[in-house]
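A short worksheet on the structure shown next.
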Amino acid sequence: MNLSPLQKTRYEYSPKLPGMLRGGIAEICVKDGAATQSVADQDKIKALFPNTYGKNEITFQKGTNTSEAKKQVVGVILSGGQAPGGHNVISGLYDALKATNSENVLLGFKGGPDGLLKDDYVEFDDAFIDAYRNTGGFDIIGSGRTKLETQEQFAIVAENAKKNGLTAIVIIGGDDSNTNAATLAEYMAANNTGVQVIGCPKTIDGDLKNEDIEASFGFDTATKTYSELIGNIERDANSAKKYWHFIKVMGRSASHVALECALETQPNICLIGEEVAAKKMSLSAIADYIADSVEKRGNNGENFGVAIIPEGIVEFVPEFSKLIAEINELLAGEKTEAFNALPDWVAKYDFIKSGLTAESFAVFDILPQFVQQQLFLERDPHGNVQVSLIESEKLFSEMVKEKLAARKAAGTYKGKFGAQHHFFGYEGRCAFPSNFDADYCYSLGYNAFMLIQYGYTGYLSKVSNLSKPADEWVAGGMPITKMMNMERRNGEDKPVIRKALVELDGAPFKYFEAHREEWAVKTSFTYPGAIQYFGPAEVCDLTTRTLALEKG
Ligand code: FBP
């Protein structure tokens, strides 16, 4: 393998564990906390999880290890989108497992949940793990988005677990994957398989968090990577003084990534989907909001700027969601074929006009033609519009351009407007984990094994007090059912972990809200620069601004 100098050096990095997990496996014991209840719908969740509901939260502390000495064979999967630090969760898990008993075995199931279903795995050893320590990516075993949710799937997983002598399965994933971990844990317990299931909180989107889970891993590194790039663009904008940059950042639904990048870089504009929904903003109102900043800056002679657009923005615009729902209906089933058979865009446009309500057609009609066409080109396997593929950064820059042309004609706008477009997502998901993510992920994995060793199942590996130095972090476990409520999914009520959206009364948004008017007009950019791996802790071990503000 060709190794870059940084890769070689990162192999040598020793991730920091929470103080209570340091000093050797023999000195880690459990402190029981209070019994838990789900965040809502307690009776329903309890009925669905009779074997795993209501368990105590626990923390680890220093003391004599009283866990049962038994050989552990643990299977691990990575599930969902890549997030920096996944390799460290696995190396932390491996190190704790081997430190407990060198006979213990860690199997990595390949390609996400599919690996468990197809019984496709590798057995890790020291050399294997050492080649991935402190590196980004999920390439150690790959990942996948297959949902593990049916009884048939669980039966296959149980069968494969039995065949391989598994005592536990660790699922490293986001809210959906950990919901599945909870359901699998319940199945394993209900069927007396003896297989424990533990989850670890992953997603760059930052939307798997709650009063127990302070952050999902990967958010720190991904947002620092995007912020570096946005800062570089800001500096270019401020040097060339000729472009407005419209930058879309990943985050399928919640706007945590966009907000964190805004806190790091102080752009002129950052849209927050949750606010757009709360204020029921229309596309036109959003374009006007951006155009106001462009106009004021342009009239001050500053014909440049930066606007951050969260990936999921359009779904938060009520009129747009309604339009999408109508389009899905319009093309349901065989109607797609009839639509595709129409000879040209003019015929298709007429078909659309006659099929939509007047209200939705008015929204459709203000969209630039490339977005109109995108809505009818890109469909998911169920035939629905793939909203995430809509180039919202271009959509808004086009709409702003039109607004500015009108304002120029009215004599209020005197500047010039040229736009550049960017989408940052994949650039950050496999970056070398920051020291924070390297430490946090290693701790999550190490801790996950301690939960297994002490016999817990249906728990999420929990490491908290994260805004403090690692030696003050608190390690423990939280029953996943505590984070669940009932939600409507595909026409059915399902038990799921509640997705954490940006809270408009939370400290990160409040800070942004208090400063954004100034940032919109005055050039206030900040340039975070690249993630630093070696050097003073105040530069290298910084948490996100979101976490720092949330924790005061
Ligand atoms: P997870 O929720 O699985 O962590 O993935 C999040 C994410 O990175 C989103 O930000 C993005 O919309 C999506 O994955 C992209 O997925 P894909 O890799 O399938 O293109």
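Odds and ends about this structure:
- Screening 252, 235 for residues that are at pLDDT below 95, among the charged types (D, E, K, R) and out of contact with any Cys (no Cβ under 8 Å at 6 or more places or on another chain) leaves exactly one candidate, 252.
- Within region 442-474, tally of residues that are of a type outside the set (D, E, K, R) and more than 15 Å from residue 70 (Cβ to Cβ): 20
- Pairs where the first residue, in region 192-204, is in contact (Cβ under 8 Å) with a residue 60 or more places away in the chain and outside any strand (DSSP E or B) and the second is within 16 Å of the ligand (Cβ to nearest atom) and β-branched (Val, Ile, Thr), C-beta under 9 Å, 6+ apart: 204/221; 204/223; 204/257
- Of residues in region 347-397 being more than 21 Å from residue 284 (Cα to Cα), in contact with a helix residue (DSSP H, G or I) (Cβ under 7 Å, 6 or more places away or on another chain) and in a loop (DSSP other than H, G, I, E, B), the one modelled with the highest pLDDT: 384
- Some residue of region 162-176 being in contact (Cβ under 8 Å) with a residue 12 or more places away in the chain, in the same structural domain as residue 307 (by TED's automatic domain parsing) and within 16 Å of the ligand (Cβ to nearest atom): no
- Within the set 77, 58, the sole residue that is assigned by TED's automatic domain parsing to the domain that holds residue 185, in a strand (DSSP E or B) and within 16 Å of the ligand (Cβ to nearest atom) turns out to be 77.
- Taking (1) surrounded by 12 or more Cβ atoms within 10 Å (Cβ to Cβ); (2) among the hydrophobic types (A, V, I, L, M, F, W, C); (3) assigned to a helix (DSSP H, G or I) in turn, residue 40 satisfies each apart from (3).
- Candidates 55, 16: the one that is farther than 22 Å from residue 197 by Cβ and buried (at least 18 other Cβ atoms within 10 Å of the Cβ) is 16.
- Residues that are among the β-branched types (Val, Ile, Thr) and in contact (Cβ under 8 Å) with a residue 12 or more places away in the chain within region 522-552 comprise 523, 526, 531, 543, 544, 546, listed in sequence order.
- Residues of region 174-214 that turn out to be surrounded by 24 or more Cβ atoms within 10 Å (Cβ to Cβ), out of contact with any Asp or Glu (no Cβ under 9 Å at 6 or more places or on another chain) and among the small types (Gly, Ala, Ser), as a count: 5
- Residues (within 16 Å of the ligand (Cβ to nearest atom) and among the β-branched types (Val, Ile, Thr)) located in region 80-116: 89
- Looking only at residues of region 289-342 that are of a type in the set (S, T, N, Q) and modelled with pLDDT under 95, we find that the one that is nearest to the chain's Cα centre (by Cα) is 321.
- Residue among 146, 179, 183 that is hydroxyl-bearing (Ser, Thr, Tyr), in a helix (DSSP H, G or I), within 16 Å of the ligand (Cβ to nearest atom) and farther than 27 Å from residue 225 by Cβ: 179
- Enumerated helices (runs of 4 or more DSSP H) restricted to region 301-346, each holding at least 2 residues that are more than 26 Å from residue 276 (Cα to Cα) and of a type outside the set (A, V, I, L, M): 335-340
- Residue check, residue 170 more than 30 Å from residue 489 (Cα to Cα) and outside any helix (DSSP H, G or I): no
- Flag if residue 416 is in a helix (DSSP H, G or I), at pLDDT 95 or above and among the basic types (Lys, Arg): no
- Among residues of region 458-487 being touching a helix residue (DSSP H, G or I) at 6+ places or on another chain (Cβ under 9 Å), among the polar types (S, T, N, Q) and part of a strand (DSSP E or B), the one that is surrounded by the fewest Cβ atoms within 10 Å (Cβ to Cβ) is 485.
- Test: residue in region 129-136 that is within 22 Å of residue 71 (Cβ to Cβ) and either in contact with a strand residue (DSSP E or B) (Cβ under 9 Å, 6 or more places away or on another chain) or part of a loop (DSSP other than H, G, I, E, B) (or both): yes
Residue by residue, here is whether (1) without any contact (Cβ under 8 Å) to a residue 24 or more places away in the chain; (2) touching a Cys at 6+ places or on another chain (Cβ under 8 Å); (3) assigned by TED's automatic domain parsing to the domain that holds residue 246 holds:
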site: 484; (1), (2), (3): no, no, no
site: 491; (1), (2), (3): yes, no, no
site: 512; (1), (2), (3): no, yes, yes
site: 520; (1), (2), (3): no, no, yes
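- The lone exception for residue 261 - which of (1) away from the ligand (no atom under 16 Å from the Cβ); (2) part of a helix (DSSP H, G or I) it fails: (1)
- Unique residue being surrounded by fewer than 20 Cβ atoms within 10 Å (Cβ to Cβ), in the same structural domain as residue 523 (by TED's automatic domain parsing), under 21 Å from residue 421 (Cα atoms) and more than 16 Å from the ligand (Cβ to nearest atom) when the list is 326, 359, 302, 337: 302
The values are calculated or read from the model by the stated rules, or taken from the named source; none is laboratory data. Being a predicted model, the structure only gives us computed values, none of them experimental. When we count neighbours, we look across all protein chains shown, and the Cβ atoms used for this are built from the backbone with ideal geometry, even at glycine.
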